[in-house]
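Notes to accompany the following structure.
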Amino acid sequence: MILNLTEREKNILYFTVSEYISTGIPVASRTIAKKYPVKISAPSIRNIMSSLEEKGLLYQPHVSAGRIPTDEGLSYFVDELMIPEPISKEETLSIEEKFKEIKSAINFWEKFGEFISEITQQAVVIISPPPHLLTLREIRFIPISNKRLLVIMITSSGEILNKVINLEFKITRNELERIHNYLNSIIKDKSLVELRESLKIEIAHYSKISSSWILKALKLGNKAVDNIWDPRIIIEGFSNLISQLSPDEQSVIKNIISTIEKKEMILSLIDKIIDKGVVVYIGKKSPLKSFYGCSLIMTNYVVNNNYICTAGIIGSKRMNYPKVIPLIKLTRTLLRKVFLNEGY
């Protein structure tokens, strides 16, 4: 919907949304007249609010009440009117130092989610890479017996995966070193899904012409990546969401948790926001019905074309967008900087 608002309409909408975010109650025209820098009377403000209501940006819960922004009104505020809150140099440095601290943590995604929840004061869902976006940086095999190998894999996001596989053929240490080098040369820039498909094709090809160490390498690689990865979904700070919602609104929490537990539904959002930076879904703007009662801000964290994770920030529709959105944009920049500075 394309809206052509007058400057007065934009100002009154801005003040109305700002007041609603601050108080959570319907906003009266006299409140705008008293608290904000407008040079028109309360009746004139009321007329402008009526016009904004006709355009679907405000609504009146009942006849004697003030106005509340609709999902469309909140979205217009975020897209067109919002003035981002400045972030201090001290806070920026603090965030960067925290990222340096948690970057190499074994439980990186949990720590990352905790921290994003802490600085935004919102509920946060962290989604680790799905197979079609996960890439491997390195793979190694360590003999633990004559018939078993320990596989250690390092993902593009720094996660360490391991599993034990059974050997179906003999293999020497010299062959194993060649296998390491060969597999590490072919995994580059391939997602886990692409790598699995590539290995299957190569195995079929080399099975017809040779039983060399290359075929052994391909079979070991195939065993290593088979069923190795199931995307993880981490939830942090849901108490923040509970505290923001009124008792009438809290019924949405059960639906949100149920959706998150159904991984396929939440994972479907990742591809919707590829290359879109920070995406804000407010109420019925969300692609998932269970999120209609809240706001969802989503972004992918990517470094050198390697997907690190997706974060979903979940809050009340009256979330402090001018504070939260700039923080999320800053975390994208700083996480990339920290990874690149450490030779990522």
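Points to keep in mind about this one:
- Considering residues of region 14-56 that are closer than 23 Å to Asn4 by Cα and charged (D, E, K, R) only, the residue surrounded by the fewest Cβ atoms within 10 Å (Cβ to Cβ): Lys39
- Identity of the residue in region 142-194, under 34 Å from the mean Cα position of the chain (by Cα) and of a type in the set (Asp, Glu), that ends up modelled with the highest pLDDT: Glu194
- Within region 50-91, restricting attention to residues that are of a type in the set (Gly, Ala, Ser) and more than 26 Å from Leu327 (Cα to Cα), the residue that is farthest from the chain's Cα centre (by Cα) is Ser64.
- Total residues in region 2-13, condition surrounded by fewer than 17 Cβ atoms within 10 Å (Cβ to Cβ) and in contact with a Lys or Arg (Cβ under 9 Å, 6 or more places away or on another chain): 1
- Selected residue (only one of Glu197, Glu138, Glu202 is modelled with pLDDT of 85 or more and over 30 Å from the mean Cα position of the chain (by Cα)): Glu202
- Where helices (runs of 4 or more DSSP H) fall wholly inside region 29-129, the ranges with 2 or more residues that are outside the structural domain of Lys317 (by TED's automatic domain parsing) and touching a strand residue (DSSP E or B) at 6+ places or on another chain (Cβ under 7 Å) are 42-54, 71-76.
- Hits in region 240-282 - residues which are in contact (Cβ under 8 Å) with a residue 40 or more places away in the chain and either over 15 Å from Gly312 (Cβ atoms) or outside any helix (DSSP H, G or I) (or both): Gln244, Leu245, Ser246, Glu249, Ser251, Gly277, Val278, Val280, Ile282
- Given (1) touching a strand residue (DSSP E or B) at 6+ places or on another chain (Cβ under 9 Å); (2) assigned to a loop (DSSP other than H, G, I, E, B), number of the condition Ile139 does not satisfy: (2)
- Only residues that are within 20 Å of Ser128 (Cα to Cα) and in a loop (DSSP other than H, G, I, E, B) were counted across region 288-310, and they come to 3.
- Failed condition for Lys170, given (1) part of a helix (DSSP H, G or I); (2) exposed (fewer than 12 other Cβ atoms within 10 Å of the Cβ); (3) not polar (S, T, N, Q): (1)
The values are calculated or read from the model by the stated rules, or taken from the named source; none is laboratory data. All figures in this text were calculated on a predicted structure; none of them were measured in a lab. Virtual Cβ from ideal backbone geometry, glycine too; neighbours counted across all protein chains shown.
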